[in-house]
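Input: a single structure, listed below in structure tokens.
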Amino acid sequence: MADTGRKQRIGRPPTVSREEIIKAALEEGISKFSMLSVAKRLNITHGALYRYFPSRDELAIAAVDTVIERACWDDTATQWRELLTGYARSLWLLCQAAPGLAECALNLPRDSQAMSRIVDKYVRRLSQCGVRREDATVAVGLITEGALLSSLLPRRGDAHRTTAAKDATLEETSELGGLAQKLALILDGVAHRLTC
């Protein structure tokens, strides 16, 4: 048998994948999991997790990226106003469908790469609709912050959050922090800038 020059790796083969770890973190709760709880769920030592993720924050970023990549983004509109409204609705409903996402995303030590790609896509689309890139960047940023922060506020008259919000319209769910009012102000601001 010929020597290929490669040394065979000694040790146990991996018993878990990055995807399984992320799935376990999401099942524990995106803003609540610990490395120990994820390890217990996977029936491995928590030290084994650090071979895949150097810290809890890195696992949280990967979990946020996964949720964002799997989400449905309403980016089919051809007019800037509808495009921004679709983005706001998509992000709002994603936060409602994925409890803890907003809290986790706001507390990450660095931005989610998946969220940056989504934001960049909307900024490009808005530029194609005639909105200056600088204005598009500010508008998408304000909507992102507004949706994340508003989704953290409890609904009036509803002590329990449910996934029923997935089927609600933006207007029906706007009582959470007044996202619709914030969106209207941002849209009016963009419209004003377009006339200048």
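The values are calculated or read from the model by the stated rules, or taken from the named source; none is laboratory data. Fair warning: this is a prediction, and the values are worked out from it, not measured in the lab. A quick note on method: Cβ atoms are made from the backbone with ideal geometry, for glycine too, and the neighbour counts reach across all protein chains shown.
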Original post:
polar (S, T, N, Q) and buried (at least 20 other Cβ atoms within 10 Å of the Cβ) - does that describe any residue in region 94-112?
Top reply: yes
**OP:** Count, please, the residues in region 26-66 that happen to be outside any helix (DSSP H, G or I), within 22 Å of residue 112 (Cβ to Cβ) and touching a residue at least 24 places away in the same chain (Cβ under 8 Å).
**Re:** 7
**OP:** Return a yes/no flag: does region 87-97 have any residue that is hydroxyl-bearing (Ser, Thr, Tyr), at pLDDT below 95, within 22 Å of residue 136 (Cβ to Cβ) and under 11 Å from the mean Cα position of the chain (by Cα).
**Re:** yes
